[in-house]
Amino acid sequence: MDSDAGEVGLRLYDLVRSVRLLKQRRADEHPVIPAGMLGMLVQIEQLSSDCHARDLADRTRLDASTVSRSVAALVAHGLVERRPDPSDKRATILAVTPAGRTALADSHRWYGEVLERALADWTPGEVAALSVALGRFTGDIEIALGNNDNDNLEAAR
């Protein structure tokens, strides 16, 4: 591995550690959303009114059983509800409850405040460059790993 890639690898390790610390602190300070469930709740919110568990599994590239357990936990906490699918009476759709929307807004606000503090000494150009670079980096990692629609992220957990 060349030294530049090795340095990026070390910074990536630092980033993953920082993300874990962020997630743990958020869970400690705002336990309404169970630890590890914020991302799933965000995905359900983004899929909006037509969110089926299979769509959620496809979008998150997680195993259906993992999605099922996560959804069950979110339902048990009153953050998500299952509704009959009007187009297929055998299926259900997932919807974020008002309590879930409130918890999401609280979490987004909390993360925003932390990021504002972390980036307080950065110029707008530096923040924009970081955002672009992270977007490119995550996309290029996916390509380098050869991920496709049949892959799932279960092993990455």
List, please: which pairs have Cβ atoms under 9 Å, are six or more places apart or on different chains, and start with a residue in region 78-90 that is at positive phi and end with one that is open to solvent by less than 50 Å² (accessible area, probe 1.4 Å) and assigned to a loop (DSSP other than H, G, I, E, B)? Gly78/Thr97
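Restricting attention to region 1-16, and to residues there that are more than 23 Å from the chain's Cα centre (by Cα) and of a type outside the set (Ser, Thr, Tyr), which single residue is least open to solvent (accessible area, probe 1.4 Å)?
Initially, region 1-16 is screened for residues more than 23 Å from the chain's Cα centre (by Cα), giving 1-7.
Filter once more, keeping what is of a type outside the set (Ser, Thr, Tyr): 1-2, 4-7.
Values: Met1: 191, Asp2: 95, Asp4: 112, Ala5: 50, Gly6: 23, Glu7: 87 Å².
Among them, the one singled out is Gly6.
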Would you mention how many residues in region 112-132 are loosely packed, with under 11 Cβ neighbours inside 10 Å, more than 22 Å from the chain's Cα centre (by Cα) and part of a helix (DSSP H, G or I)? 2
Gly135 passes all but one of the listed conditions (1) surrounded by 15 or more Cβ atoms within 10 Å (Cβ to Cβ); (2) part of a helix (DSSP H, G or I); the exception is number (1)
Considering residues that are at pLDDT below 90 and either open to solvent by 90 Å² or more (accessible area, probe 1.4 Å) or touching a Gly at 6+ places or on another chain (Cβ under 9 Å) (or both), the number found within region 34-53 is 1
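The values are calculated or read from the model by the stated rules, or taken from the named source; none is laboratory data. Given the structure is predicted, the values throughout are model-derived calculations rather than measurements. With ideal geometry, Cβ positions are generated from the backbone for all residues, glycine too; neighbour counts draw on all protein chains shown. Just the protein is used for accessible areas: all its heavy atoms, side chains included, with ligands, DNA and RNA removed. Shrake-Rupley method; radii C 1.70, N 1.55, O 1.52, S 1.80 Å.
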